[in-house]
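K.L.:
Take a look at the following structure, please.
The values are calculated or read from the model by the stated rules, or taken from the named source; none is laboratory data. Please read all numbers here as calculations on a predicted model, not as lab measurements. Counting neighbours? That spans all protein chains shown, and the Cβs are built from the backbone with ideal geometry, glycine included.
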Amino acid sequence: MSAEVSWQVGLELKPGQRGLFLALTEEMVEVTRGEAGTLIYERFVSEDGEAVWVYERYADSAAAVAHLRMFAEKFGERFASMVTRKRFTVFGSPSDELRSILDGFDATYLARFAGFSRR
């Protein structure tokens, strides 16, 4: 069983925030690029530019916790002022520590029961 943990987050941009959000996203990507335990850190946007989907995958719960702590410190307030979270779905088996953080996002948890991953 893999220790990897990932999530998808559905966001809606608040009115007038698109340009600021794009700039913040560039900053977040650059900072996160240096995190060894971050395996995937991707953003997707709808054709109308109003809906954003986040996909993140971490080597393990410890890497995800480290990322979320950094995120809260550096970006949390600005990020929250620009978006409304619509959905937060977690894949894998997060540690109790990680789950306690993700519970604050009203996360839905899905446990792996079959399949494989290639890299």
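K.L.:
Could you tell me whether region 111-119 includes any residue that is modelled with pLDDT of 95 or more and not small (Gly, Ala, Ser)?
P.N.:
Applying the first criterion (modelled with pLDDT of 95 or more) to region 111-119 yields none.
No, region 111-119 has no match at all.
K.L.:
For Gly104, are the conditions met, namely being at pLDDT 95 or above, small (Gly, Ala, Ser) and closer than 26 Å to Leu13 by Cα? Step through it out loud before you land on a result.
P.N.:
Numbers: at pLDDT 95 or above: yes; small (Gly, Ala, Ser): yes; closer than 26 Å to Leu13 by Cα: yes.
Yes: the conditions hold for Gly104.
K.L.:
Do we find a residue being free of Cβ contacts under 8 Å to residues at least 24 places away in the same chain and out of contact with any Pro (no Cβ under 9 Å at 6 or more places or on another chain) anywhere in region 49-66? Full working, then the answer.
P.N.:
Taking region 49-66 as the starting set, the residues that turn out to be free of Cβ contacts under 8 Å to residues at least 24 places away in the same chain are none.
Looking for residues that are free of Cβ contacts under 8 Å to residues at least 24 places away in the same chain and out of contact with any Pro (no Cβ under 9 Å at 6 or more places or on another chain), one finds none in region 49-66, hence no.
K.L.:
Residue check: is Val5 surrounded by 14 or more Cβ atoms within 10 Å (Cβ to Cβ), closer than 16 Å to Phe79 by Cβ and in contact with a strand residue (DSSP E or B) (Cβ under 8 Å, 6 or more places away or on another chain)? Outline the logic, then answer.
P.N.:
On the way: surrounded by 14 or more Cβ atoms within 10 Å (Cβ to Cβ): yes; closer than 16 Å to Phe79 by Cβ: no; in contact with a strand residue (DSSP E or B) (Cβ under 8 Å, 6 or more places away or on another chain): yes.
It is false that Val5 is surrounded by 14 or more Cβ atoms within 10 Å (Cβ to Cβ), closer than 16 Å to Phe79 by Cβ and in contact with a strand residue (DSSP E or B) (Cβ under 8 Å, 6 or more places away or on another chain).
K.L.:
Which of the residues that make up region 70-86 are in contact with a strand residue (DSSP E or B) (Cβ under 8 Å, 6 or more places away or on another chain) and under 21 Å from Thr38 (Cβ atoms)?
P.N.:
We begin by selecting, within region 70-86, every residue in contact with a strand residue (DSSP E or B) (Cβ under 8 Å, 6 or more places away or on another chain); these are 82-86.
Those that are in contact with a strand residue (DSSP E or B) (Cβ under 8 Å, 6 or more places away or on another chain) and under 21 Å from Thr38 (Cβ atoms): Val83, Arg85.
K.L.:
Give me a count of the residues in region 68-95 that are more than 24 Å from Ser117 (Cα to Cα) and among the polar types (S, T, N, Q).
P.N.:
Here the count works out to 2.
K.L.:
Something else now. Under 6 Å by Cβ, and 6 or more places apart or on different chains, what pairs join a residue from region 74-87 that is farther than 14 Å from Phe21 by Cβ and in contact (Cβ under 8 Å) with a residue 60 or more places away in the chain with one that is part of a strand (DSSP E or B) and acidic (Asp, Glu)?
P.N.:
From residues that are farther than 14 Å from Phe21 by Cβ and in contact (Cβ under 8 Å) with a residue 60 or more places away in the chain, the pairs are Lys86/Glu12.
K.L.:
Let me ask something else about it. In region 27-51, what residues are of a type outside the set (A, V, I, L, M, F, W, C) and under 21 Å from Val65 (Cα atoms)?
P.N.:
Looking only at region 27-51, we keep the residues that are of a type outside the set (A, V, I, L, M, F, W, C), and these are 27, 30, 32-35, 37-38, 41-43, 46-50.
Within region 27-51, Glu27, Glu30, Thr32, Arg33, Gly34, Glu35, Gly37, Thr38, Tyr41, Glu42, Arg43 meet the criteria.
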